[in-house]
Amino acid sequence: MPREIEFRRIPGLPPYVFTIIDSLKLAARREGRDIVDLGFGNPDLPSPQIAVDKLTEAAHNQRNHRYSSSRGIPKLREAVADHYKRRFDVTLDPETQVISTIGAKEGFSHLMWVLLQPGDAAIVPTPSYPIHIWGPYFAGADARQVPIGDGTDAAGFIDRVMEAWELGWPKPRVVVLSFPHNPTTTVAQLSDLQRLVDWAKDRDVVLVHDLAYADMTFDGFTPPSIMQCEGATEVAVELYSMTKSFSMAGWRVAFLVGREDVVGALAKLKSYLDYGTFQPIQIAATVTLNEATDFPAEVSQVYESRRNALVDGLNRIGWEIEKPGGTMFVWARIPEPYRHMGSIEFATHVIEQCDVAVSPGVGFGAGGDDHVRFALIENEHRIGQAVRGLKKGLTLL
């Protein structure tokens, strides 16, 4: 027997709690039970037909089978700049302020590598999308977790970020934020982001804004890009993804935009790591950004209807929840009679007694253990079925 390998980085990782619920879900389905899966945030709507058609066409061209550019092909970067101008009235230089990434997680993770090293620190929200917390750790840095609050007050979170920076040592070099926020669904106003940009200008801080849910907001609200703030290109970068806005999750197409030297640093690192996304995908993404401009609004309408179906249904059965203003999720505090369980035990109970899968809040950080997250990835008929299952199985409501 070979001697056991002592691995690096992996030993510090806790169990990925979502796999616990996934295993229970699969076991229940093997028993023949119909589980309504509202756990994993995997978009179920098809990608735009124009993307599929252009991908097929481009894949038949053998020239597109060769290595591409890790920065993204020029026309794709131009399309991103044009999209930002249309969507946010922000002017970006596609040569120096835009880079393509192989999904937002890849871009964020490698961005942490160029911004942080052992001995450095980043401020991140908690609870939060796991890579926002673990990305700094993978870079060898400290991730100082600042509570985002109850899911309604971005301004309060920004106050706490400023306080944490002033009190901490060494001074954090990076502040990670993401509005609309996964999992808490918190949204921010442009004035909130402007206050943070103004603050960062006087400090050696890079703001990293993950705008994954740029187009998935409800009730007429339009979320701001941090690039709309005056002076943002001096202190901030932003990740924009086609995963949610264009329902292109498996395509792995995202972008980092903003401060030139930060974008350039990531471009330099990526030139050693990859040759970019498969070129036919980049070509299809270019055409989609340029020609499927109404698609994000259509997607948002679908998710808003699902949000209404779920939240209205939960309120009817006695699980009182406010309607989120954005994202494809509902962040629900565990009902008081079940709160003692914690999120993993409660999510297990929901699968076993209600035939519904949800994500335990503790998977997003310790601050989430009194919540579960619903993903709006089933149609309204299936959501209605889930509500009926919850009514039947949560007998203490």
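The values are calculated or read from the model by the stated rules, or taken from the named source; none is laboratory data. Just so we're clear, the structure is a prediction, and the values are computed from it rather than from any experiment. Cβ sites come from the backbone with ideal geometry, for glycine too, and all protein chains shown count toward neighbours. These accessible areas exclude ligands, DNA and RNA; they are computed on the full protein's heavy atoms, side chains included. Shrake-Rupley method; radii C 1.70, N 1.55, O 1.52, S 1.80 Å.
Listing for the model above:
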read-out: Breaking point among (1) on the phi > 0 side of the Ramachandran plot; (2) part of a strand (DSSP E or B); (3) not polar (S, T, N, Q), for Ala143; value: (1)
read-out: Breaking point among (1) touching a residue at least 40 places away in the same chain (Cβ under 8 Å); (2) farther than 25 Å from Gln189 by Cβ; (3) open to solvent by 40 Å² or more (accessible area, probe 1.4 Å), for Thr293; value: (2)
read-out: Residue count, the stretch 131-148 (criterion: in contact with a Pro (Cβ under 9 Å, 6 or more places away or on another chain) and surrounded by fewer than 21 Cβ atoms within 10 Å (Cβ to Cβ)); value: 6
read-out: Search result, residues across the stretch 95-110 that are farther than 18 Å from Ala236 by Cβ and either of a type in the set (Gly, Ala, Ser) or within 25 Å of the chain's Cα centre (by Cα) (or both); value: Ser100, Ile102, Gly103, Lys105, Glu106, Ser109
read-out: Candidate set: the stretch 214-259, residues that are aromatic (Phe, Trp, Tyr) and open to solvent by less than 10 Å² (accessible area, probe 1.4 Å); chosen: the one nearest to Phe329 (Cα to Cα); value: Phe218
read-out: All positions within the stretch 343-358 that are assigned to a loop (DSSP other than H, G, I, E, B) and open to solvent by less than 10 Å² (accessible area, probe 1.4 Å); value: Val358
read-out: The stretch 93-106 - residue that is surrounded by fewer than 24 Cβ atoms within 10 Å (Cβ to Cβ) and in contact with a helix residue (DSSP H, G or I) (Cβ under 8 Å, 6 or more places away or on another chain) and, of those, farthest from Thr184 (Cα to Cα); value: Glu95
read-out: Only one of Arg66, Arg86, Arg3 that is open to solvent by 100 Å² or more (accessible area, probe 1.4 Å), at pLDDT 95 or above and outside the structural domain of His349 (by the TED database); value: Arg86
read-out: Residues that are open to solvent by 10 Å² or more (accessible area, probe 1.4 Å) and closer than 20 Å to Gly326 by Cα, drawn from the stretch 365-379; value: His371, Arg373, Ile377, Glu378, Asn379
read-out: Only one of Pro74, Pro46 that is under 23 Å from the mean Cα position of the chain (by Cα) and open to solvent by 30 Å² or more (accessible area, probe 1.4 Å); value: Pro46
read-out: Among (1) assigned to a helix (DSSP H, G or I); (2) farther than 21 Å from Leu256 by Cβ; (3) open to solvent by less than 20 Å² (accessible area, probe 1.4 Å), the one test that Pro183 misses; value: (1)
read-out: Residue count for the stretch 310-360, restricted to those that are free of Cβ contacts under 8 Å to residues at least 40 places away in the same chain and at positive phi; value: 1
read-out: Residue in the stretch 261-284 that is among the hydrophobic types (A, V, I, L, M, F, W, C), assigned by the TED database to the domain that holds His132, in contact with an Asp or Glu (Cβ under 9 Å, 6 or more places away or on another chain) and open to solvent by less than 10 Å² (accessible area, probe 1.4 Å) present; value: yes
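Residues are listed down the side, and each one gets a yes or a no for (1) crowded, with 18+ Cβ neighbours inside 10 Å; (2) within 24 Å of Thr186 (Cβ to Cβ):
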residue: Arg339; (1), (2): no, yes
residue: Pro360; (1), (2): yes, yes
residue: Gly363; (1), (2): yes, yes
residue: His381; (1), (2): no, no
residue: Lys391; (1), (2): no, no
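Yes/no per residue for (1) part of a helix (DSSP H, G or I); (2) modelled with pLDDT under 95:
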residue	(1), (2)
Gly220	no, yes
Thr233	yes, no
Val237	no, no
Val263	yes, no
Tyr275	no, yes
Thr288	yes, no
Tyr303	yes, no
Leu310	yes, no
Trp319	no, no
